[in-house]
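The values are calculated or read from the model by the stated rules, or taken from the named source; none is laboratory data. What you see is a predicted model; the values in this text were computed from it and never measured. Cβ coordinates were reconstructed from backbone atoms using ideal geometry, including for glycine residues, and neighbour counts include every protein chain displayed. The area values use the complete protein model at the heavy-atom level, side chains included, leaving out ligands, DNA and RNA. Shrake-Rupley method; radii C 1.70, N 1.55, O 1.52, S 1.80 Å.
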Amino acid sequence: MSETLHTPRGRGQLKLLLPALLPVLLLSVIPLLRGVYLGFTDYSLGSPIRFNGLANYARMLKDFYFWKSFEVGFIWTIVVTAAQVILGLCLALLLNRKMRFVSLYSTLMLVPWAMPPIIRGIVWRQVYDPDTGILNTILLRLGLLHESINWLSSFEYVIPAVIVAGVWGEIPKAAVFLLAGLKAIPEDLYEAARIDGAGTWREFRSITLPMLAPVMAAVVSLSFMWNFNTFGIVWILTQGGPGGLTRLPMLAAYEEAFRYGYVGYAAAIGNVMVVVISIVLFAYLRVQLKESRS
Amino acid sequence: MKGGRIVSGVAAHCALIGFMLFLVFPLVWMMSTSLKSTPEIYSGSASLVPDAPSLVHYRTVFAEQKILSSMANSFYVGIFSTALAVLIALPGAYALARYSTRWNNVVLGWILGTQIFPAILVLIPLYLLLRMLFLTDSLVGLTLVYVVWDLPFVLWMLHGYVRTIPVEIEEAAEIDGASRLQLIFRVLAPLLLPAIGASVLFAFVSAWNEFFFALVLLKSPDLMTLQVELARFTGMEGQARTGPLAAASVLATVPSVMLFGVLQKWFSSGLIAGAVKN
């Protein structure tokens, strides 16, 4: 192939890659491996590191707050991922039509994605604010509420409130990738279907969805990972409150390490997160693969 | 048939406008808040247009040393981490594009790997390591962390573009006696400008937006980055300061939204270039 140079391989490549590989190795790969190891120690800030096998995981089994945080972590991850993919797909399908203003819409929809996660949190704090928030104002005016609700400290509403903010921030990402996937579907497939007299729904079911399957699988997997590892927006919205109700796994791990100093335990939570994500992704991708084969 | 198409066109526009309202409204509302006087903010007004628009909250923000210096810190970290990441990645991207593909899988694997691992696992040992080197609570330390965090992605983006450049150009330069590094920085870099631009924007926006590492690694008030400073604003001290917080948030959003607008075009084409070529 003309793409490969005639110069000797190996050594020359490594020399050029080294400036990039070395820092990644030192500040990313090694810390990561060490982080995994710390999950099997009783290390807490200021004390020596001692291997303690599976003691952290035994403690987790009996730790109410751990179960609580993974429970809300799953609710958050599944609902946000599902909603962002479904809404993102709707948005992508709309933007894939030949209409006026489509390019304006495609730019506008990026706004939440372009905002820093912290600002996303601040924006929604202001929307939900009990004194000045627009949500209360509108609902009060419409007569749907009789007194304003403190959405983010209410046990009833905090989870839906946080999820709406999360979905809002994640829709654009899903829509951008799915739109790229839709654009890659050859037009003549649709033309052939139209000649056969297929309706819009048939076209969607038998062409769009199957052709989109690989992109869809990638979007679902990545979103699932990103959402399970969420920190910033929820931290700003609730700091995990009220009463630990929105303490996602990352918030729990952060608090264990940097508020209480239980570094080993925090790393163990991180390890469990990796295992959980891997299992879910593996199962999901297997089902996907089977479906696309059949 | 034709009537049905018009109806569906109108429906599609309505649906799109609904989406846009949902996606854009919170930002617009924050911008409007930032221009309202404090009494108006607390009056429970639902109007998007301020009664008497004023820049008073922006003036407050600029009068606060802390916010200004945190902006400067964010720029510092953003600019240096971006420059370093791109400089280091260029030769690496070249090596990935032009030689055997073993390392390509390693880099791609690493990009995906970093997605699956929660940041906390890297962060704790990194914190301990940097503390040993006296680089916690230091903008230099944070810059290094961002460089490493961006590198795999920048490598991947650049490598996709290098592959689109014909090898013949290099062969001509080699005949002229250029060394490999001269070749990369003098001959290829100018041809790669769009890709370098995209990488610069990507790296800068990700450093500008980053929160978690900065939250943990920085301690001194005068070293805070903008995101951490704004997060502190939402705490107890910021409860009654809706207006200035909105103004500061608008200011913090401007660079990322602007860069993002440019980035988005290059970003999508860059991803595709990287993916198709493999």
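Structure notes:
- Cβ-Cβ under 8 Å pairs, at least 6 apart or on other chains, region A:264-291 side touching a residue at least 12 places away in the same chain (Cβ under 8 Å), far side assigned to a helix (DSSP H, G or I) and of a type in the set (K, R): A:Y265/A:R59
- Residues that are open to solvent by 10 Å² or more (accessible area, probe 1.4 Å) and either in contact (Cβ under 8 Å) with a residue 24 or more places away in the chain or closer than 17 Å to A:A83 by Cα (or both) within region A:138-166 comprise A:L152, A:S153, A:S154, A:F155, A:I159, A:P160, A:I163, A:V164, listed in sequence order.
- Looking across region B:51-86, just one residue is closer than 23 Å to B:S220 by Cβ, of a type in the set (D, E, K, R) and either within 15 Å of the chain's Cα centre (by Cα) or open to solvent by 50 Å² or more (accessible area, probe 1.4 Å) (or both), and that is B:K66.
- Hits in region A:23-80 (condition: small (G, A, S), surrounded by 15 or more Cβ atoms within 10 Å (Cβ to Cβ) and closer than 17 Å to A:F258 by Cβ): A:G35, A:G39, A:S44, A:S69
- Matching residues, region A:81-108, being of a type outside the set (S, T, N, Q), open to solvent by 30 Å² or more (accessible area, probe 1.4 Å), assigned to a helix (DSSP H, G or I) and over 24 Å from B:I116 (Cβ atoms): A:L87, A:C90, A:L93, A:L104, A:L108
One line per residue, one yes/no per condition, for (1) aromatic (F, W, Y); (2) at the interface with chain A (Cβ under 7 Å from one of its Cβ atoms); (3) within 24 Å of the chain's Cα centre (by Cα); (4) under 27 Å from B:V187 (Cα atoms):
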position	(1), (2), (3), (4)
B:A93	no, no, yes, yes
B:A97	no, no, no, yes
B:R102	no, no, no, yes
B:V107	no, no, yes, yes
B:L112	no, no, yes, no
B:L121	no, yes, yes, no
B:P125	no, yes, no, no
B:L128	no, no, no, no
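- Single residue of A:L251, A:L245 found to be surrounded by 16 or more Cβ atoms within 10 Å (Cβ to Cβ) and outside any helix (DSSP H, G or I): A:L245
- Residue match in region A:51-65 (condition: more than 14 Å from every other protein chain (Cβ to nearest Cβ), touching a strand residue (DSSP E or B) at 6+ places or on another chain (Cβ under 8 Å) and more than 30 Å from A:P172 (Cα to Cα)): yes
- The one condition in (1) more than 10 Å from chain A (Cβ to nearest Cβ); (2) part of a helix (DSSP H, G or I); (3) at pLDDT 85 or above that B:Y161 fails to fulfil: (3)
Per-residue answers, yes or no, for (1) touching a residue at least 24 places away in the same chain (Cβ under 8 Å); (2) surrounded by 22 or more Cβ atoms within 10 Å (Cβ to Cβ); (3) not assigned by TED's automatic domain parsing to the domain that holds B:N104:
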site: B:F134; (1), (2), (3): no, no, no
site: B:D150; (1), (2), (3): yes, yes, no
site: B:Y161; (1), (2), (3): yes, yes, no
site: B:T164; (1), (2), (3): yes, no, no
site: B:L181; (1), (2), (3): yes, no, no
site: B:G197; (1), (2), (3): yes, no, no
site: B:A214; (1), (2), (3): yes, yes, no
site: B:M224; (1), (2), (3): yes, yes, no
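- Top-ranked residue of region A:174-193 - restricted to ones that are open to solvent by less than 30 Å² (accessible area, probe 1.4 Å) and either in a loop (DSSP other than H, G, I, E, B) or within 14 Å of chain B (Cβ to nearest Cβ) (or both), ranked as nearest to A:N227 (Cα to Cα): A:A174
- Hits in region A:42-71 - residues which are charged (D, E, K, R) and part of a helix (DSSP H, G or I): A:R59, A:K68, A:E71
- Breaking point among (1) farther than 16 Å from B:P244 by Cα; (2) open to solvent by less than 20 Å² (accessible area, probe 1.4 Å); (3) not hydroxyl-bearing (S, T, Y), for B:A15: (2)
- Any chance B:F185 is modelled with pLDDT of 85 or more, part of a helix (DSSP H, G or I) and either surrounded by fewer than 21 Cβ atoms within 10 Å (Cβ to Cβ) or in contact with a strand residue (DSSP E or B) (Cβ under 7 Å, 6 or more places away or on another chain) (or both): yes
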